[in-house]
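Comments concern the structure below.
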Amino acid sequence: MTNKPHSHAQWSSRIAFMLAAVGSSVGLGNIWKFPYMTGESGGGAFVLVYLVCILLIGLPILMSEWLLGRLGQKNPISTMSRIAGRLKRSQAWVLIGVGGILAAWLILSFYSVIGGWALAYVRYGASATFTGLDGDSVGTLFSDLLASPGTLLAWHSLFMVLTIAIVAGGVAGGLERASKILMPALVVLLAVLVGYAATTGSFGEGFDYLFRPDFTRLTGDVILAAMGHAFFTLSLGMGIMMAYGSYLSDDVNIGRTAMTVVILDTIIALAAGMAIFPIVFADGLDPAAGPGLIFQTLPLAFGNMSGGVLFGTLFFVLLVFAAWTSAISLLEPIVEWLEEKTPLSRLQSALVAGAATWILGIATVLSFNDWSAFTPFGMTMFDLLDYVTSKIMLPLTGLATIVFVGWFMGRDEVRAQLNMGSTAFAWWRFSARFIAPIGVAIVFVWGLMH
Ligand code: TRP
């Protein structure tokens, strides 16, 4: 017992790290985006490709970002500059960090608008708006929200203010403590919803839809979407995990920790799917409804279950919380960069970065109503932002990261960071040098061509 304070300090920093990593990765990507993408892509085949991408591409890249961060001990741009300099490699590797910051800005601009939808649904939940809704009225509730730019803008603004406040003020301590309760609460509530879905009668149909692949639905674009989502959901390809890796102590086992984060993230996404699709089929809704899918399905469950007002409100509160912890991780690198590269203080940096993101978010707000006919490259502004980030920027920076670790770093240096047995390391290195980069390259080129 004499060394208790020491071991406690170790434990709490490991937990803090896990919370930060899980907080960043588990967000709208799992509960909002994964189910609707599955529905748009026709179900099981998408899910299967997504799972393969998470394991063969996401996991090694997550480990690469953490080990780079732990080696470099700085923000992503300085980390890449430092390691590349020491290894006498080109400073062009710094582009990984630059691309990441740009992607963060683009992603957060629409992420905040969707976070705003979740806030609006907290209000609906609390005012018992869901009670007694049927499939049609649930659709109207959602389309009325989208049709009102003023309302969307107000919720988007509130979500941005919440995000800026945390990043500017660094009340991260309280957030960490809250995460320890709210993240498990989210898991419990999802389990309740899956339980409810299991009693609706279409559970088997929902299950089949998610897990029985129909390979005729696999097009280049579906595969690219699945891979892009693997990056998005694990917060990869933006140097965020690299930044977190810089706080990682040397005794933390990167492989095991990455596996834990990946499993948790995947379970939460699959649980969201298991909660949503049985309701979709039981009520004859359209699985391909798009970004509104969870907002047009779960309120039906809340409106018809006992305790629905409580559960409905709580669910959207937890969704907001999950979105919030991810949004913080999106704003943080931009602010960190402004603070280091300009004379701005932390507060000023947070305000400038937040304002720039808020302004760009207006394009997403309007893409659902006044500007819905404005479609450069055949996409609305929201679709375009999502496409450019998930399907182009994240895969490219992720590819650069794994190529750097696989081909431009010494074998022994990587091995010392990962601290694996020799067989496990041989497999890891093989996937980092060949499987993951070739996989990303093929899917990327093929997906863009089809
Ligand atoms: N992973 C988060 C989600 O699933 C979103 C996110 C946070 C993200 N930080 C990121 C995506 C960095 C890409 C890169 O909702």
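Take the conditions (1) surrounded by fewer than 21 Cβ atoms within 10 Å (Cβ to Cβ); (2) within 16 Å of the ligand (Cβ to nearest atom); D283 misses just one of them, which is (2). Among the residues making up the range 358-377, those that are farther than 19 Å from G292 by Cβ and at pLDDT 95 or above are W358, I359, L360, I362. Beta carbons closer than 6 Å, at least 6 apart along the sequence or on distinct chains, pair a first residue in the range 272-300 that is at positive phi with a second that is of a type outside the set (A, V, I, L, M) for G290/Y36. Every test in (1) open to solvent by 10 Å² or more (accessible area, probe 1.4 Å); (2) under 30 Å from P299 (Cβ atoms) is passed by A120 save one, and that test is (1). Inclusion of P60 among residues that are away from the ligand (no atom under 16 Å from the Cβ), under 18 Å from the mean Cα position of the chain (by Cα) and open to solvent by less than 20 Å² (accessible area, probe 1.4 Å) is warranted.
Among residues that are modelled with pLDDT of 95 or more and of a type in the set (S, T, N, Q), S202 is not included. Every residue in the range 244-280 that is among the small types (G, A, S) and open to solvent by 10 Å² or more (accessible area, probe 1.4 Å), please. Across the range 244-280, the qualifying residues are S246, S249, G255, A271. Of the helices (runs of 4 or more DSSP H) that lie entirely inside the range 340-450, those containing 1 or more residues that are within 21 Å of the chain's Cα centre (by Cα) and closer than 25 Å to I83 by Cα span 394-407, 436-449. Considering the conditions (1) under 19 Å from T313 (Cβ atoms); (2) touching a Ser or Thr at 6+ places or on another chain (Cβ under 9 Å), S179 is excluded by exactly one of them, (1).
May I ask you to list pairs of residues, at least six apart or on different chains, whose Cβ atoms are under 8 Å apart, with the first in the range 232-261 being over 19 Å from N75 (Cα atoms) and the second being of a type in the set (S, T, N, Q) and within 16 Å of the ligand (Cβ to nearest atom)? Sorted first by the residue in the range 232-261, then by its partner, the pairs are F232/T389; F232/S390; T233/S25; T233/N30; V261/S25. For the range 12-45, the set of residues classified as away from the ligand (no atom under 16 Å from the Cβ) and within 26 Å of E205 (Cα to Cα) consists of G39, E40, S41, G42, G43, G44, A45, listed by residue number. Scanning the range 97-126 for residues that are of a type in the set (V, I, T) and within 15 Å of the ligand (Cβ to nearest atom), which turns out farthest from V317 (Cα to Cα)? That would be V98. I'd like to know if the range 166-179 contains one or more residues that are outside any helix (DSSP H, G or I) and modelled with pLDDT under 95. Yes, because at least one residue in the range 166-179 is outside any helix (DSSP H, G or I) and modelled with pLDDT under 95.
Of all positions in the range 122-140, none carries a residue that is assigned to a helix (DSSP H, G or I) and closer than 22 Å to T357 by Cα. One residue alone among I77, I83 is over 23 Å from I328 (Cα atoms) and more than 14 Å from the ligand (Cβ to nearest atom), and that residue is I83.
Is one or more of the residues making up the range 312-327 over 20 Å from the mean Cα position of the chain (by Cα) and polar (S, T, N, Q)? Within the range 312-327 (the criterion being over 20 Å from the mean Cα position of the chain (by Cα) and polar (S, T, N, Q)), the answer is yes, since at least one residue qualifies. Of F374, F316, F368, F311, all but one fail to be among the aromatic types (F, W, Y) and within 16 Å of the ligand (Cβ to nearest atom); the exception is F316.
The values are calculated or read from the model by the stated rules, or taken from the named source; none is laboratory data. Predicted model, so just to flag it, every value in this text is computed and none were measured. Reconstructed Cβ throughout: ideal geometry from the backbone, glycine too, with neighbour counts over all protein chains shown. Areas reflect the complete protein model, heavy atoms only, side chains present, ligands, DNA and RNA absent. Shrake-Rupley method; radii C 1.70, N 1.55, O 1.52, S 1.80 Å.
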